[in-house]
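Worksheet: the structure to be examined is printed underneath.
The values are calculated or read from the model by the stated rules, or taken from the named source; none is laboratory data. Note that the structure is predicted; figures quoted are calculated from it, not measured. With ideal geometry, Cβ positions are generated from the backbone for all residues, glycine too; neighbour counts draw on all protein chains shown. Each accessible area value is taken on the protein alone, full model and side chains, heavy atoms only, with ligands, DNA and RNA left out. Shrake-Rupley method; radii C 1.70, N 1.55, O 1.52, S 1.80 Å.
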Amino acid sequence: MAALIGHHDAEKAFLDAWRGGRLHHAWLLAGPQGMGKAAFAARVARFLVTHGAGGEGNAATLDDPGDAAAAKLVDAGNHPEILRLERQVKDKGKDLARNITVEQVRELKGRLNFSLSLGDWRVIVVDAIDDLEPGAANAFLKTLEEPPAKTLFLLVSHSPGRLLPTIRSRCRMLRFQPVERDAMTTWLHELRSMLDMSELRAIVAASGGVPGKALALIDSDVAAMEKKLLAIAASGDPDNRLREALAKEVGGAANRARLELVIDIVPALLSRIARERPLAEIEPVLVQWDRVQRTVRDAVRGSYDGAMVGFEIGNCLAELAPRQ
C-alpha cells in the first residue's frame, strides 16, 4: 500500500477528540477528489472498532493495531460494526448507479436498530455523501438528527458546498487541503524513485497537490505529452501537423483520460513559459491562459468534443511561438 500523505492535521484532530472522550457523532471529510478521504475514513473505522470507547487510550496514530481479533475481521471485510453507504453496481452491468437511493438509506436505518454485537462503536462510512439523491439526503438527515448511541458517521464529500446546510451543520468538518509542491515531490520520489526528477515535477504541477491525481498521472506518459505540447509552442506548428496529431490523440471517448492529462498539464506549462520570458512578454501568455480556460469551460457546458478541445489548446500554444 502506498504511504499516505496529507492526513496529518485530520488525524491529529480526530485522535485528540477520541483521547478526550468527546467524539462528535458525525464527521464531514471535505476536500478535492483524490485527497485520500476515503482511505482516511477506512483508517478511522478500523481504529474505532479495534479500540475502546475513548477517553482513556493513548494511541499515537490511527494505525495503532488495537484488538487483534477485531482487526482480523476488519481486514477480511467482515466486521459487523462497519457499514458502508455507496453507489451500487447496476443490474447486469459493471457501471455504478448515478446516486445512492432512498431505499439504501432506509435499509441502513433498519440495521441501526440492532444493538452492537462487537466492540464499543459502530461506524457508518458514506462515500460519497454528495451522491445521495434528494429523497435519500432528507432521509439520511433524520438519522443524523437522532443518531443511535455509540454510532459514528464518516461522510466523504468532494463538494461540501452542494450539501444540504442542515447536513453540514450537524457535522464536524475536517478539510483535506492540496499538498504543498515540495512535500508532493518528495513523497512521489520515495514511491517511484526510478522516475526522472523533471517528469516528477511535471506530474506534481499537473496534479494540483492532489495525491490521487498524481498517482494516476504516473501511469500516463506525462513527459512525452509535455514534449509534444512544448513543440507546438516552440515552432508555432505552421502546417498544423502537430495540432492535428494532438486532436487525433485526445479525441473520442476512448481517449478521455489522455485529454484530461493535456488539460491538467497545460496550466503548469503556461506558467513555466511565463517564468522563462521577460516581464514585457508575459501578457500574451496570460491571454492564452484565459483562452485555454474558456475552451475547457465551453466544452464542458456543451458537447464535449475532445478533438476540438485538443486542437484549440494547440492553437493557444502555437500563438506563443517566437515571431520571425
(request) Answer yes if at least one residue in the stretch 227-239 is under 28 Å from H7 (Cα atoms) and aliphatic (A, V, I, L, M), and no otherwise. (result) no
(request) Search the stretch 307-324 for residues that are in contact (Cβ under 8 Å) with a residue 40 or more places away in the chain and of a type in the set (G, A, S) and pair each with any residue that is open to solvent by less than 10 Å² (accessible area, probe 1.4 Å) and not in a helix (DSSP H, G or I) when their beta-carbon atoms are under 6 Å apart and the residues are at least 6 apart or on different chains. (result) A318/D237
(request) Tell me, please, whether a residue that is surrounded by fewer than 19 Cβ atoms within 10 Å (Cβ to Cβ) and over 27 Å from V262 (Cα atoms) can be found in the stretch 174-190. (result) yes
(request) Check the stretch 295-311 and report whether any residue there is among the hydroxyl-bearing types (S, T, Y) and closer than 25 Å to R181 by Cβ. (result) no
(request) For the stretch 120-132, state whether one or more residues are touching a residue at least 60 places away in the same chain (Cβ under 8 Å), part of a loop (DSSP other than H, G, I, E, B), under 21 Å from C171 (Cβ atoms) and touching a Phe, Trp or Tyr at 6+ places or on another chain (Cβ under 9 Å). (result) no
(request) Tell me, please, whether a residue that is open to solvent by 80 Å² or more (accessible area, probe 1.4 Å) and more than 30 Å from H25 (Cα to Cα) can be found in the stretch 195-207. (result) yes
(message) Step by step: first the residues of the stretch 273-310, then only those that are within 18 Å of K227 (Cβ to Cβ) and crowded, with 16+ Cβ neighbours inside 10 Å, then the one that is modelled with the highest pLDDT. Which residue is that?
(response) G310
(request) Name the single residue, out of those in the stretch 16-33 being outside any loop (DSSP other than H, G, I, E, B) and of a type outside the set (D, E), that is farthest from R175 (Cα to Cα). (result) R19
(request) State yes or no: is R170 of a type in the set (D, E, K, R), closer than 22 Å to L23 by Cα, open to solvent by 40 Å² or more (accessible area, probe 1.4 Å) and in a strand (DSSP E or B)? (result) no
(message) On the basis of being surrounded by fewer than 15 Cβ atoms within 10 Å (Cβ to Cβ) and either touching a residue at least 12 places away in the same chain (Cβ under 8 Å) or under 25 Å from G52 (Cβ atoms) (or both), does L144 make the cut?
(response) no
(message) Considering only the stretch 233-253, I want to know if a residue exists there that is loosely packed, with under 15 Cβ neighbours inside 10 Å, at pLDDT below 90 and assigned to a helix (DSSP H, G or I).
(response) yes
